[in-house]
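What follows is a short report on a single structure.
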Amino acid sequence: MNNHTGIIQRVCIYGVGGVGGYYGGKLAHRFPPGSEHDILFLCRGAHLEVIRQSGLKLITRAGELVARPALATDDPSALGSVDLAIFTVKGYDLLESARSMRTAVRSDTIVIPLGNGVDNDDILREGLQTGVILNGGVYISTHIEVPGTVEQTGGSCKLFFGPARGDIEPFRPVESMFKAAGIDVTLSSDVRRDVWGKFIFIGPTAGVTSMHGATIGQVLNDPPKKSVLAGLMREVEAVARAQGVQLSDGIVDEALGRAASFPPDTKSSMQLDVERGRKTEIETMLGYAVRKGRELGVPTPLHEQVYAALARVAR
């Protein structure tokens, strides 16, 4: 972003899978080539080839659209310099992805991670070594249906982002761009609270659904499983509060309510990864809570149990 004009022209979506495909697709559909924002997709393989040939098909609960980015590439050096970089890769790929983007990120480039971890901003700082690095997250359930097609199956589709500290006003142009694309966005004045609020929901839900091979609805309707889910959430809450994160008193009830808002047949992304034999975000979510708990002296016995059980079946 040019600090004097607030202009955001070149916008890179790094990783056009489920999350990147939804939000990048909405942006590219609203701002086709030649618009005030150039939406650039960074992805790879068959998915990239189909997008290049016929655009990205996005199937949502509200309808379908086809989005054509200004550029789709698998080479960060082909992007040139960008004004906004949105990282939507999995946690285990974030550091290496950030390193690969050094050629495209300037000192005034705004950088927003939308992954499941709580320390994504720290990882991006390490990888990029420059940029105006924010934090953020989303509440959505999406996946690549076939190459070139992303489907949204659940979630509120809400997106939040903001600086860890300082004034949020410089980032209003980013908020305006998201809103213009029909994205439900919040520019947060306490993004740390919001990131941990999501983490309280996402990590425990991923852990219990993956360990039992059960959908969200099956977990919530089975009292022993739901009890473990709530216990995991309370452990994350304790880890957050030990670091001074300002959470609402009813945060665990809110997180359980959020889980109940998903269609009952929803599977967590980690659960799908376990079922398909793919690499998982076990370290980003459950492993992080275990390590942080030990570092802070906060007991996380349920996390240790679920982490150990999943480590036997998850990569």
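A few remarks follow.
- Count - residues of region 125-156 that are under 16 Å from the mean Cα position of the chain (by Cα), modelled with pLDDT of 95 or more and either within 18 Å of Val191 (Cβ to Cβ) or in a helix (DSSP H, G or I) (or both): 6
- The condition of being touching a strand residue (DSSP E or B) at 6+ places or on another chain (Cβ under 9 Å), surrounded by fewer than 18 Cβ atoms within 10 Å (Cβ to Cβ) and not hydrophobic (A, V, I, L, M, F, W, C) does not hold for Asp38.
- Helices (runs of 4 or more DSSP H) (entirely within region 238-315) containing at least 2 residues that are charged (D, E, K, R): 251-261, 269-275, 288-296
- Per the listing Thr205, Thr186, the residue uniquely modelled with pLDDT of 95 or more, within 19 Å of Asn116 (Cα to Cα), β-branched (Val, Ile, Thr) and not in a helix (DSSP H, G or I) is Thr186.
- Number of the exception - Ser77 against (1) closer than 23 Å to Gly25 by Cβ; (2) over 19 Å from the mean Cα position of the chain (by Cα): (1)
- Checking each residue of region 221-238 against the condition of being open to solvent by less than 60 Å² (accessible area, probe 1.4 Å) and of a type in the set (Ser, Thr, Tyr) gives no match.
- Inclusion of Ala214 among residues that are open to solvent by 10 Å² or more (accessible area, probe 1.4 Å), farther than 13 Å from Leu286 by Cα and small (Gly, Ala, Ser) is not warranted.
- Selection status of Met270, modelled with pLDDT under 95, open to solvent by less than 50 Å² (accessible area, probe 1.4 Å) and within 24 Å of Ser141 (Cβ to Cβ): yes
Yes/no matrix, rows are residues, columns are (1) in contact with a Ser or Thr (Cβ under 7 Å, 6 or more places away or on another chain); (2) more than 28 Å from Gly203 (Cα to Cα); (3) part of a loop (DSSP other than H, G, I, E, B); (4) without any contact (Cβ under 8 Å) to a residue 12 or more places away in the chain:
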| position | (1), (2), (3), (4) |
| --- | --- |
| Lys26 | no, no, no, no |
| Glu36 | no, yes, yes, no |
| His47 | no, no, no, no |
| Arg52 | no, yes, no, no |
| Ile59 | yes, no, no, no |
| Pro69 | no, yes, yes, no |
| Val111 | no, no, no, no |
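- Selection within region 243-254: residues that are open to solvent by less than 80 Å² (accessible area, probe 1.4 Å) and farther than 13 Å from Arg193 by Cα. The member of this set that is farthest from the chain's Cα centre (by Cα) is Gly250.
- Filtering region 148-181 to residues that are small (Gly, Ala, Ser) and more than 20 Å from Gly17 (Cβ to Cβ) leaves Gly162, Ala164, Gly166, Ser176, Ala180.
The values are calculated or read from the model by the stated rules, or taken from the named source; none is laboratory data. All of these numbers come straight from a predicted model, not from anything done at the bench. Every residue, glycine among them, receives a Cβ derived from its backbone with ideal geometry; neighbour counts consider all protein chains shown. SASA here: full protein model, heavy atoms, side chains in, ligands and nucleic acids out. Shrake-Rupley method; radii C 1.70, N 1.55, O 1.52, S 1.80 Å.
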